[in-house]
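The values are calculated or read from the model by the stated rules, or taken from the named source; none is laboratory data. This one's a predicted model, so the numbers in the text were calculated from it and none came from an experiment. Cβ: placed from backbone, ideal geometry, glycine included. Neighbour counts: every protein chain shown. Heavy atoms of the whole protein, side chains included, go into the accessibility calculation; ligands, DNA and RNA do not. Shrake-Rupley method; radii C 1.70, N 1.55, O 1.52, S 1.80 Å.
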Amino acid sequence: MNTIRNRRFVIGLSALLSTAFLLSGCFNSSSNDADDDFSEFFPATMDCESVAEEPENLFDLDNSETPRIDRVAETLSLEASGEVMAPTSVYNRVVAEMVGITSRYPDSAHGRIRSCRPPNRIEAFFSEEAYDRLLAGEYQDWDELNEFLRTTFTLNDDERRASLRFDGRYNTNRLAEEYLALDGIIETTHREPPADGDDICLAVRGDFHFYIFRHGLNCDGENDCPDERFFAVQADSSGNFEQVGHWSGNDEAPMWFDNAEDCRVFLSGQGSF
């Protein structure tokens, strides 16, 4: 069984990387920093609080494909789609686009992400009675969910809390609701990511994918601070991309940044801007 699974993993990895590099070769580079382009306001349809509604029964989900090989691409696809799992078509396209963008703009684009909701863990708090049953090995209400999501957990007795980690990446707002509906669990929360550091956001705008790369603020004020803090680029479904602009973060924000609410809602620390 392990041999078959490993063989499938290698075959899948080879096919995915081949697709990514083929598509990345199709990108045409151009630059456009004009504020009067990309100036239409794109309201956020998904954000860090969005709860995936489909499927109605979580156990109808085929979660055998997660976690995928590329953590950054899967997390971006998960946030921008608003679905329980990253759609395969979106994920494959994001993998290819990230290869093209980061290879052509290595000084502006990077491959590091701080998801606003951790895609593989939540915190669950128990009532006193339920926690006592859990410690005694008699709490079974979450067994089906734990098995389905391939969950491991650690306990904090002082807070009657379980830190759950899933073997896969999901819309954990939905998973938090699933666990909260169980008898004995009285609260579910997420660990907030640090506001500082490099990050990426993605917005799906029809046939276009719009990205902002955020450079972190954890510099020493000497030579480690980047020339710009934000870099934006968009890609169409044919594999062409266009540089939208740079912003240092120190003066008035350009229009493309102000209007990118659909992307910025996923950036760490975006509330400061």
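In segment 127-149, is there at least one residue being on the phi > 0 side of the Ramachandran plot, free of Cβ contacts under 8 Å to residues at least 12 places away in the same chain and open to solvent by 10 Å² or more (accessible area, probe 1.4 Å)? Yes: one or more hits. Only a single item in (1) among the charged types (D, E, K, R); (2) open to solvent by 30 Å² or more (accessible area, probe 1.4 Å); (3) modelled with pLDDT under 95 is not met by Asp199, and it is number (2).
In segment 159-181, of all residues being in a loop (DSSP other than H, G, I, E, B) and among the charged types (D, E, K, R), the one that is nearest to Cys116 (Cα to Cα) corresponds to Arg169. Scan segment 91-110 residue by residue and report those that are within 30 Å of Phe148 (Cα to Cα) and open to solvent by 30 Å² or more (accessible area, probe 1.4 Å). Asn92, Arg93, listed by residue number.
Condition first: touching a His at 6+ places or on another chain (Cβ under 9 Å), modelled with pLDDT of 95 or more and not aliphatic (A, V, I, L, M). Can you find one or more residues in segment 167-178 that meet it? There is at least one residue in segment 167-178 that is touching a His at 6+ places or on another chain (Cβ under 9 Å), modelled with pLDDT of 95 or more and not aliphatic (A, V, I, L, M). For the subset of segment 120-158 comprising residues that are part of a loop (DSSP other than H, G, I, E, B) and hydroxyl-bearing (Ser, Thr, Tyr), which member is nearest to Asp62 (Cα to Cα)? Filtering first and then ranking leaves Tyr139. Taking segment 245-272 as the range and being closer than 18 Å to Thr45 by Cα and at pLDDT 90 or above as the test, the residues that pass are Trp256, Phe257, Asp258, Asn259, Ala260, Glu261, Asp262, Cys263, Arg264, Val265, Phe266. Residues of segment 83-106 being farther than 29 Å from Glu54 by Cβ and either in a helix (DSSP H, G or I) or touching a residue at least 40 places away in the same chain (Cβ under 8 Å) (or both), which ones? Across segment 83-106, the qualifying residues are Val99, Gly100, Ile101, Thr102, Ser103, Arg104, Tyr105. I'm trying to understand the selection: among the residues of segment 155-176, which are loosely packed, with under 14 Cβ neighbours inside 10 Å and within 23 Å of Glu74 (Cβ to Cβ)? The answer is Asp167, and nothing else.
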